[in-house]
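Visitor: There's a structure below that I have some questions on.
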Amino acid sequence: MPETHTAHADIDTLIRVLDAAETMPAAARLRARSYQLLRPPPGATVIDVGCGTARAVAELAAHGARAIGVDLDPAMLAAARSRFPDLDVRAADAIELPLGDGQAHGYRADKVYHVLPDPHGALAEARRVLAPGGRIVLLGQDWDTMVIDSDQPEVTRRIVHARADTIPHPRIARAYRNLLLDAGFRDAEIEVHTAVFTDASMLPILGGHVAAARQAGAISDAEAESWIDEQTRRARHERFLIAIPMFLAAATR
Ligand SMILES: C[S@@+](CC[C@H](N)C(=O)[O-])C[C@H]1O[C@@H](n2cnc3c(N)ncnc32)[C@H](O)[C@@H]1O
């Protein structure tokens, strides 16, 4: 299959998984908490970096902010624009935002920093676009600490760690507060919320985990098949459980 088709299939899967995860009431509450920490005054410019399909951009706009979403991926941008044609969604890299110095009151990045090649550079860019007193909020999961209920705990541990090792910065979320302090932000605070999934909508995530672990040589074909069979069975019989620590850090420019 040509690479572009694979890339689109990956983005379609990501959008499906994000839709399933983000429509859960606990995820909506966590996003609401992130907006509370941003504290945008009415009409203030808030930028959501790595906005995906622009769910948060729409919610921030509904709260009265002048919300701007930026993302690098053309398929994500197309999905965002088709869902929310009236929103301000732009193609841009986290390292080079389409705002002048001090033009933003708020900066938000949700499940993004773990994939950035240069998180320190992205934070320097956040500082550049934020006005003094502006707020930054980072939100994301710790990939090394995914809890999965399984009758095969040792294989599970190998799968989780092998998948984490394919991610540029799998443990960056636990470092958000320290990164913000190192970048010169003040009043840094951090919270951890646990995302819990008990239905089959998260099975595609585990398919990706198993494929990554198999490719890394961390598990055999037989272990991959047996493990995914068990998880599929669990999902079918309502015995599926994944828990993921979600770190939410906030600070002031
Ligand atoms: C896991 S998705 C999260 C999307 C959205 N924030 C959400 O919570 O639903 C990560 C997003 O970051 C975007 N992204 C990755 N690298 C980026 C970069 N360097 N600059 C801007 N966006 C980036 C991806 O295209 C993707 O849409």
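The values are calculated or read from the model by the stated rules, or taken from the named source; none is laboratory data. The model shown is predicted, which means the values in this text are computed figures rather than measured ones. Here Cβ is always computed from backbone atoms with ideal geometry, including for glycine, and neighbour counts include all displayed protein chains. These accessible areas exclude ligands, DNA and RNA; they are computed on the full protein's heavy atoms, side chains included. Shrake-Rupley method; radii C 1.70, N 1.55, O 1.52, S 1.80 Å.
Visitor: For region 162-203, which residues satisfy the criterion of being under 16 Å from the mean Cα position of the chain (by Cα) and in a helix (DSSP H, G or I)?
Guide: Scanning region 162-203 gives 163, 164, 172, 173, 174, 175, 176, 202.
Visitor: Considering only region 139-147, I want to know if a residue exists there that is under 24 Å from residue 212 (Cβ atoms), more than 15 Å from the ligand (Cβ to nearest atom), more than 16 Å from the chain's Cα centre (by Cα) and open to solvent by 20 Å² or more (accessible area, probe 1.4 Å).
Guide: Kept after step one, since they are under 24 Å from residue 212 (Cβ atoms), are these residues of region 139-147: 139-147.
Applying the additional criterion that residues be more than 15 Å from the ligand (Cβ to nearest atom) yields 144-145, 147.
Narrowing the set further to residues that are more than 16 Å from the chain's Cα centre (by Cα) leaves 147.
Next, from what is left, pick out any that are open to solvent by 20 Å² or more (accessible area, probe 1.4 Å): 147.
Within region 139-147 (the criterion being under 24 Å from residue 212 (Cβ atoms), more than 15 Å from the ligand (Cβ to nearest atom), more than 16 Å from the chain's Cα centre (by Cα) and open to solvent by 20 Å² or more (accessible area, probe 1.4 Å)), the answer is yes, since at least one residue qualifies.
Visitor: Let me ask something additional. Within region 141-158, how many residues are of a type in the set (Asp, Glu) and free of Cβ contacts under 8 Å to residues at least 40 places away in the same chain? Write out each step before concluding.
Guide: So the first thing to find is which residues in region 141-158 are of a type in the set (Asp, Glu), and the list is 142, 144, 149, 151, 154.
Checking which are free of Cβ contacts under 8 Å to residues at least 40 places away in the same chain leaves us with 144, 154.
The number of residues fulfilling the criteria is 2.
Visitor: Just to be sure, is residue 248 open to solvent by less than 50 Å² (accessible area, probe 1.4 Å), closer than 30 Å to residue 40 by Cβ and out of contact with any Ser or Thr (no Cβ under 8 Å at 6 or more places or on another chain)? Full working, then the answer.
Guide: Numbers: open to solvent by less than 50 Å² (accessible area, probe 1.4 Å): yes; closer than 30 Å to residue 40 by Cβ: yes; out of contact with any Ser or Thr (no Cβ under 8 Å at 6 or more places or on another chain): no.
No, not satisfied.
Visitor: Which condition number does residue 88 fail, the rest of (1) within 14 Å of the ligand (Cβ to nearest atom); (2) touching a residue at least 12 places away in the same chain (Cβ under 8 Å) being met?
Guide: Status for residue 88: all satisfied but (1).
Visitor: How about region 213-237: which of its residues are among the charged types (D, E, K, R), surrounded by fewer than 17 Cβ atoms within 10 Å (Cβ to Cβ) and closer than 25 Å to residue 11 by Cα?
Guide: Of everything in region 213-237, those that are among the charged types (D, E, K, R), surrounded by fewer than 17 Cβ atoms within 10 Å (Cβ to Cβ) and closer than 25 Å to residue 11 by Cα turn out to be 225, 229.
Visitor: Which residues, counting only those in region 176-212, are under 23 Å from residue 253 (Cβ atoms) and buried (at least 18 other Cβ atoms within 10 Å of the Cβ)? Walk me through how you get there before you give the answer.
Guide: Going residue by residue through region 176-212, those that are under 23 Å from residue 253 (Cβ atoms) are 176-191.
Scanning region 176-212 gives 176, 177, 179, 180, 183, 185, 188.
Visitor: Also, I was wondering about something else. If residue 64 satisfies every condition in (1) of a type outside the set (A, V, I, L, M); (2) more than 10 Å from the ligand (Cβ to nearest atom); (3) open to solvent by less than 40 Å² (accessible area, probe 1.4 Å); (4) part of a helix (DSSP H, G or I) but one, which is the exception?
Guide: For residue 64, the failing item is (4).
Visitor: Return yes when residue 75 is touching a helix residue (DSSP H, G or I) at 6+ places or on another chain (Cβ under 7 Å), within 12 Å of the ligand (Cβ to nearest atom) and part of a helix (DSSP H, G or I) and no when it is not. Can you show your working first?
Guide: Values: touching a helix residue (DSSP H, G or I) at 6+ places or on another chain (Cβ under 7 Å): yes; within 12 Å of the ligand (Cβ to nearest atom): yes; part of a helix (DSSP H, G or I): yes.
Here the answer is yes, as residue 75 does meet what is asked.
Visitor: Pairs needed: first member in region 113-129, free of Cβ contacts under 8 Å to residues at least 24 places away in the same chain; second member anywhere, assigned to a loop (DSSP other than H, G, I, E, B) and open to solvent by 10 Å² or more (accessible area, probe 1.4 Å); C-beta distance under 7 Å; at least 6 residues apart or different chains.
Guide: Correct list of pairs: 118/95.
Visitor: Based on this model, can you work out whether residue 240 counts as in contact with a Gly (Cβ under 7 Å, 6 or more places away or on another chain) and either buried (at least 16 other Cβ atoms within 10 Å of the Cβ) or of a type outside the set (Val, Ile, Thr) (or both)? Walk me through how you get there before you give the answer.
Guide: Numbers: in contact with a Gly (Cβ under 7 Å, 6 or more places away or on another chain): no; either buried (at least 16 other Cβ atoms within 10 Å of the Cβ) or of a type outside the set (Val, Ile, Thr) (or both): yes.
So residue 240 does not fit the description; no.
Visitor: Quick test for you: out of 102, 133, 121, pick the one residue that is open to solvent by less than 60 Å² (accessible area, probe 1.4 Å), modelled with pLDDT of 95 or more, more than 14 Å from the ligand (Cβ to nearest atom) and farther than 20 Å from residue 57 by Cα.
Guide: Numbers: 102 fails: farther than 20 Å from residue 57 by Cα; 121 fails: more than 14 Å from the ligand (Cβ to nearest atom).
Among 102, 133, 121, only 133 is open to solvent by less than 60 Å² (accessible area, probe 1.4 Å), modelled with pLDDT of 95 or more, more than 14 Å from the ligand (Cβ to nearest atom) and farther than 20 Å from residue 57 by Cα.
Visitor: Something else: Of all residues in region 231-241, how many are more than 27 Å from the chain's Cα centre (by Cα) and of a type outside the set (Lys, Arg)?
Guide: Of the residues in that region, 1 qualify.
Visitor: Taking region 80-98, which residues are in a loop (DSSP other than H, G, I, E, B) and open to solvent by 80 Å² or more (accessible area, probe 1.4 Å)? Give the derivation first.
Guide: Going residue by residue through region 80-98, those that are in a loop (DSSP other than H, G, I, E, B) are 84-87, 92, 94-95, 97-98.
Correct list: 85, 86.
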